[in-house]
Amino acid sequence: MDIRSALRSLNHSETLLINERSDELEATGKVHRFGFGQSPFPVPESLRQALADQVHQKAYAPVQGLPALRQAVAEFHRLEDQVDWQAHRVLIGPGSKLLIYAVLAAFRRAEVALVSPSWVSYEPQAHLAGHPVHRLMTRADDEWRLQPEALASFCAERREPGRPLILILNTPGNPSGTSYEEDHLKALAEVMRRHEVLVISDEIYGRLHHEGQHRSMARYYPEGTVVTGGLSKWCGAGGWRLGIMHIPEALAGDLLPALKGVASETWSCVASPIQHAAIAAYTPSPEMTRYVQRQREVLSYIGQQAAARLNAGSVHTAMPSGGFYLMPDFSPHRQRLKARGIDSADTLCERLLTEARVALLPGSAFGMPTGDLTARLSYVNFDGTAALAGNLPMADVAAPVMAGIDAILHWLDD
Ligand SMILES: Cc1ncc(COP(=O)(O)O)c(C=O)c1O
């Protein structure tokens, strides 16, 4: 039986792959690990304690999620985002990644529009769900943000306007590190409304907006925006696998039952102890406020320093405003790189890894064209526990990140 030709062509996620290669290389010396987007901060103490206290929870939870958790999540987001989150329209899932996939899988027919650059998993997920993907290009000068005019002209030229259009937007952005402001979201909302776009707004880095100025897409386009988030980034708990999603009232009647169908036929429920513990994360407390505030200060400081140093070395990098990523653009060095046999982001990242021992991910993994010289840099290779404790000067906390940036710049100068 020939199963190979019958299998889907799916690759191992590029982010996980670079991590494995960095592990191998590390056996022979230090690697500056900018490849993997995992929070360096520990899970807050109260949350760890809550999980320890709930370890006896052994029953399956309701498919949609524990009512008390959905209630806490809805109240939290109503307050934080000033959007009408309602517990009966919240769905809890094993990570926001699977929740995004559930929305795509719930549709038999749809088109998916993705911003370039955007997160590595959206496109494979759309293909798994059987949907065609369109790329909406952005520019470094626009800080890699989708322009309303670009969305409008794409919508106006669609060949099958009757087919549902799902747009995945992400703010603060991975890989861009930049965020959308109010006026920009309002202008996008106007286009989305006109063309009845269904938006999945991936706001997993929302709480990590460096100035606490996250703006939810749902505030400006409530009727068509499904919001996703969860504990992975702002609570340093990626491995806990707790994601949340909110469905707008206008879509809930049709979409929510379909999503519950996907959930009940696949993951059943998120681990009960994790759900019980997560209530503590979504219940405001002085500890959680301090924890989030300190992360913002650290990420802002390191992100600004790292981007400024890259720019000083003529590696064009948008100043970050949220999360922990930068999107350096090496094209000002194009001629010199070409002379060294480097004319794509893939070769650039390969050579940076083997020659400078710096792990970055190529822009091509995020939907950038081949031949482009962008890469993603996750500035998380610092000691998050020490950073949270606040006993070290910020420059010392940032030192491992800055050492990696210097290694890139020295390599460019060689
Ligand atoms: C933009 C973006 N969305 C979603 C996710 C997935 O998060 P979760 O752990 O909630 O599945 C990630 C994780 O890296 C991410 O960077």
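The values are calculated or read from the model by the stated rules, or taken from the named source; none is laboratory data. Treat the numbers as computed from the prediction; the structure is a model and nothing was measured. Using ideal geometry, Cβ is built from the backbone for each residue, glycine included, and neighbour counts are taken over all protein chains shown.
Within segment 117-147, being over 21 Å from Leu188 (Cα atoms) and among the β-branched types (Val, Ile, Thr) holds for one residue alone: Val120.
The single condition from (1) surrounded by fewer than 18 Cβ atoms within 10 Å (Cβ to Cβ); (2) within 16 Å of the ligand (Cβ to nearest atom); (3) in contact (Cβ under 8 Å) with a residue 40 or more places away in the chain that Val43 fails is (1). When Val199 is tested against (1) surrounded by fewer than 24 Cβ atoms within 10 Å (Cβ to Cβ); (2) more than 16 Å from the ligand (Cβ to nearest atom); (3) hydrophobic (A, V, I, L, M, F, W, C), only condition (2) is not met.
Residue by residue, here is whether (1) in contact with a strand residue (DSSP E or B) (Cβ under 8 Å, 6 or more places away or on another chain); (2) within 16 Å of the ligand (Cβ to nearest atom) holds:
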position: Val103; (1), (2): yes, yes
position: Gln125; (1), (2): no, yes
position: Pro132; (1), (2): yes, no
position: Glu149; (1), (2): no, no
position: Ala156; (1), (2): no, no
position: Gly162; (1), (2): no, no
position: Ile166; (1), (2): yes, yes
position: Pro172; (1), (2): yes, yes
position: His184; (1), (2): no, no
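Leu51 passes every criterion in (1) at pLDDT 95 or above; (2) more than 22 Å from Pro400 (Cα to Cα); (3) outside any helix (DSSP H, G or I) apart from (3). With respect to the conditions (1) small (Gly, Ala, Ser); (2) within 16 Å of the ligand (Cβ to nearest atom); (3) not in a loop (DSSP other than H, G, I, E, B), Ala68 falls short on a single one, namely (2). Within segment 89-101, is there a residue that is more than 16 Å from the ligand (Cβ to nearest atom), within 30 Å of Pro164 (Cβ to Cβ) and at pLDDT 95 or above? Yes: one or more hits. Among the residues of segment 225-268, those that are surrounded by fewer than 20 Cβ atoms within 10 Å (Cβ to Cβ), within 16 Å of the ligand (Cβ to nearest atom) and in a loop (DSSP other than H, G, I, E, B) comprise Arg241, Thr266, Trp267.
Within segment 217-224, can one find any residue that is closer than 28 Å to Ser300 by Cα, out of contact with any Cys (no Cβ under 6 Å at 6 or more places or on another chain), more than 15 Å from the ligand (Cβ to nearest atom) and not in a helix (DSSP H, G or I)? Within segment 217-224, one or more residues are closer than 28 Å to Ser300 by Cα, out of contact with any Cys (no Cβ under 6 Å at 6 or more places or on another chain), more than 15 Å from the ligand (Cβ to nearest atom) and not in a helix (DSSP H, G or I). Any idea which residue in segment 122-149 is nearest to the chain's Cα centre (by Cα), counting only those that are surrounded by 19 or more Cβ atoms within 10 Å (Cβ to Cβ) and in a helix (DSSP H, G or I)? Per the stated criteria, the residue is Tyr122.
(1) more than 28 Å from Arg241 (Cβ to Cβ); (2) part of a helix (DSSP H, G or I): which one isn't true of Lys97, the others all being true? All conditions are met except number (1). Within segment 105-119, the set of residues being within 15 Å of the ligand (Cβ to nearest atom) and of a type in the set (Phe, Trp, Tyr) comprises Trp119 only. If the condition is being assigned to a strand (DSSP E or B), over 11 Å from the mean Cα position of the chain (by Cα) and under 26 Å from His316 (Cα atoms), then segment 169-216 contributes only His209.
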